[in-house]
Amino acid sequence: MGTSRRLDQLLSSLGYASRKEAQGLCDEGRVTVNGQPWDDASARVDPTHVAIDGEAVDFPLGLFVLLHKPLGLVCSHDDRDGPRVYDVLPRRWLLRDPKVVTIGRLDKDTSGVILLTDQGPLVQRLTSPKHHVDKVYLATIDGPVGAKEIAAFAQGIQLEDEAECCFPATLTPVDDTHARVTLREGKYHQVRRMFAAVGRHVSALHRERFGEWTVEGLAPGQWRPLPLP
Ligand code: URA
């Protein structure tokens, strides 16, 4: 059950139509509420009971999804920055209000779990180091890491041009050219810069997990809805 809203307002905030066009959709017989054809776009309706062309409107009470980010996409909204994660998602999501954003960012050259939402407090809750939400990365590196590097990560790496040290992070060697890193913050290019600080170059980076969420079952470019926490 959702709190009732004007249908034209609802459809425009979900990116389906402008408020004016919403009446047109009703006139064309494309909108139903509770399965019944609906002809008045100015009437209040329960958002969870609205369908267009027989399909329930998506995420009427708030959007939260997990995308398996492929390499080569940016998390920015600005298409001058290159192909965006938003370009592999339904187009109407770009028209939603509140705006759909990524929860933190991954670099263009990093793949893996990226979460998106239109819920501001959720962004805060999942990105703030205070809330201890782990992000786990698998890095491909140019040489082995051992006790010295593990201790440096655990102590908190001092990045160049940063006033404060990173929070303690867990570094787990996998083999001579791979290691796993668990962080609870998300500074710009953080994993690459942390490895650079201990003399290792990262040639590939994949985020395996963000909190409880992984890309299991999703090919790059695929997404799935998540229940709003
Ligand atoms: N650290 C990086 O260096 N890049 C990312 O995309 C995420 C974490």
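The values are calculated or read from the model by the stated rules, or taken from the named source; none is laboratory data. Only a predicted model underlies this, so the values are computations on that prediction, with no experimental measurement involved. Virtual Cβ from ideal backbone geometry, glycine too; neighbours counted across all protein chains shown. All accessible areas refer to the heavy atoms of the entire protein, side chains included, with ligands and DNA or RNA removed. Shrake-Rupley method; radii C 1.70, N 1.55, O 1.52, S 1.80 Å.
Based on the Cβ-Cβ distance from Asp161 to Glu208, what FRET efficiency comes out when R0 is 22 Å, to the nearest 0.05?
So, using R0 = 22 Å, E works out to roughly 0.20.
Between rounded, prolate and oblate, where does the stretch 5-56 land on the alpha carbon gyration tensor, with a ≥ b ≥ c its root eigenvalues, rounded for a/c under 1.5, else prolate if a/b exceeds b/c?
rounded
If you count only protein heavy atoms and use a 1.4 Å probe, how large is the accessible surface of Thr32, to the nearest 10 Å²?
30
Ordering Ile150, Ile141 from largest to smallest accessible area (1.4 angstrom probe), what's the sequence?
Working: Ile150 60, Ile141 10 Å².
The residues order as Ile150, Ile141, largest area first.
Quick one: accessible surface of Val57, probe radius 1.4 Å, all protein chains present, in square angstrom to the nearest 10.
The value for Val57 is about 10 Å².
What is the total of Lys pairs in the chain with C-alpha atoms under 29 Å apart, excluding same-chain pairs fewer than 8 positions apart?
18
Just to confirm the filter: which GluC sites (Glu not before Pro) across the stretch 93-195 are DSSP coil and have at most 14 other Cβ within 10 angstrom of their Cβ? Kindly include the intermediate steps, with their values, before the conclusion.
Numbers: sites: Glu149, Glu160, Glu162, Glu164, Glu185; in loops: Glu160, Glu162, Glu164, Glu185.
For GluC sites (Glu not before Pro) across the stretch 93-195 that sit outside H, G, I, E and B with at most 14 neighbouring Cβ atoms in 10 Å, the list reads Glu160, Glu162, Glu164.
Which whole-number percent is the relative contact order of the chain (Cα, under 8 Å, 6+ apart)? Display every interim value, and only then the final one.
Working: 451 pairs, mean separation 46.6, N = 229.
Reported relative contact order: 20 percent.
I'm checking a number: the convex hull volume of the Cα atoms of the chain, normalised per residue, in Å³. What is it? Write out the running numbers ahead of the final one.
Values: hull volume 31.3 nm³, N = 229.
Once divided by residue count, the hull of the chain is 137 Å³.
With an 8 Å Cα cut-off and a minimum separation of 6 or more residues, compute the relative contact order for the stretch 100-229 in percent.
Worked out over the stretch 100-229, it gives 32 percent.
By the gyration tensor of its Cα atoms, with a ≥ b ≥ c the square roots of the eigenvalues, what is the shape of the stretch 134-210: rounded for a/c under 1.5, prolate for a/b over b/c, or oblate?
In terms of gyration-tensor shape, rounded.
Please work out how much accessible surface Ser4 shows to a 1.4 Å probe, ignoring ligands, DNA and RNA, in Å² rounded to 10.
Approximately 50 Å² for this residue.
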